[in-house]
Amino acid sequence: MKIAAIVLTLLLSGCALLLETPYHFTGELKLEHQVDIMLAYKRFSNGPLDITLRKSNVSHALNGLTMTQHGNAVELKPPQSTPLVFGSFVLDQQLLASPYRIEGNVQRQLIAQPRLVTDTEACSFAGFCDVEETIEETICAEESASPHDHSKLHSHQSENCETKKTTVTKNTWVHDCPGEKPIEITLQPARYQLTLAIYSADREDLLIGTYQGQTQVKDEQISKRDAGTCEAVD
């Protein structure tokens, strides 16, 4: 049961990674009217602040926001997905469990022109290729026994037999010969910028603080196409 539970946990973790995309922002928190603020019972002050935003790959909504400062971390996770409308979202005081309202905006910034790179990927094709096949052979050692005592002879032969496995390689026709094919991938260097505005819950027009951060520049794959046929690897 423990092994099954571990396998299930790994599968669920893998599914979670496929269902959402994390964005890691590095930036600065600037407070306007006070030295520090409390967010979900954790204290944050002016200075560097790291934020991880998790976006759903299915609904493209906000799944959660994790704020980290000097080892102090808090996860602001809505009870249900908060819409990301043109990159904008709102976390109100009910969701934050604190007397603040956060308005956020995420924008994608293109850093340079897309570029084309060539690569290869695994594939399969129908044809002749080398296939490994395991052959089993039973070998019995001969022992002396009375020619009239057939039961004893059979017993000795059974006890001194072993199965020998030999792997041989045959060149034969199959439908899934392993191979490689050339591909062309278009990559777009980009980064994401995050801005937050923190307002008072008592006065919606009272700005408490702001945040500006950005991710590192990464290449995003925007297209991929085959550039040749699938062939055997030399």
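Could you grab me the full set of residues in the range 57-80 that are among the small types (Gly, Ala, Ser) and buried (at least 16 other Cβ atoms within 10 Å of the Cβ)? Spell out the reasoning first.
Step one: list which residues in the range 57-80 are among the small types (Gly, Ala, Ser), which gives 59, 61, 64, 71, 73.
Passing the criteria: Ala61, Gly64.
Look at Ser98 and say whether it is over 27 Å from Ala190 (Cα atoms), not aliphatic (A, V, I, L, M) and not in a helix (DSSP H, G or I). Explain how you work it out, then say what you get.
Details: over 27 Å from Ala190 (Cα atoms): yes; not aliphatic (A, V, I, L, M): yes; not in a helix (DSSP H, G or I): yes.
When the stated conditions are applied, Ser98 passes them.
When the range 32-84 is examined, which residues are found to be part of a loop (DSSP other than H, G, I, E, B), among the β-branched types (Val, Ile, Thr) and closer than 25 Å to Asp205 by Cβ?
Step one: list which residues in the range 32-84 are part of a loop (DSSP other than H, G, I, E, B), which gives 32-35, 40-41, 46, 57-61, 70-71, 77-81, 83-84.
Keeping just the survivors that are among the β-branched types (Val, Ile, Thr) gives 35, 58.
Matches in the range 32-84: Val35 only.
Determine, yes or no, whether Gly127 is touching a residue at least 24 places away in the same chain (Cβ under 8 Å), assigned to a strand (DSSP E or B), under 30 Å from Cys230 (Cα atoms) and open to solvent by less than 30 Å² (accessible area, probe 1.4 Å).
yes
Do we find a residue being over 30 Å from Asn63 (Cβ atoms) and either open to solvent by 80 Å² or more (accessible area, probe 1.4 Å) or modelled with pLDDT of 85 or more (or both) anywhere in the range 85-107? Reasoning before the result, please.
Restricting attention to the range 85-107, the residues satisfying the condition of being over 30 Å from Asn63 (Cβ atoms) are none.
Looking for residues that are over 30 Å from Asn63 (Cβ atoms) and either open to solvent by 80 Å² or more (accessible area, probe 1.4 Å) or modelled with pLDDT of 85 or more (or both), one finds none in the range 85-107, hence no.
Can you tell me which of Lys218, Lys181, Lys224 is closer than 16 Å to Thr21 by Cβ and either touching a Ser or Thr at 6+ places or on another chain (Cβ under 8 Å) or open to solvent by 50 Å² or more (accessible area, probe 1.4 Å) (or both)?
Details: Lys181 fails: closer than 16 Å to Thr21 by Cβ; Lys224 fails: closer than 16 Å to Thr21 by Cβ.
On inspection, the qualifying residue turns out to be Lys218.
Quick test of your reading of the structure: Thr120 fulfils all but one of (1) open to solvent by less than 40 Å² (accessible area, probe 1.4 Å); (2) modelled with pLDDT of 95 or more; (3) not small (Gly, Ala, Ser). Name the failing condition by number.
For Thr120, the exception is condition (1).
The values are calculated or read from the model by the stated rules, or taken from the named source; none is laboratory data. Since this is a predicted model, take the numbers as computed values, not measurements. Neighbour counts are summed over all protein chains in view; Cβ atoms, including those assigned to glycine, are modelled from backbone coordinates with ideal geometry. Areas reflect the complete protein model, heavy atoms only, side chains present, ligands, DNA and RNA absent. Shrake-Rupley method; radii C 1.70, N 1.55, O 1.52, S 1.80 Å.
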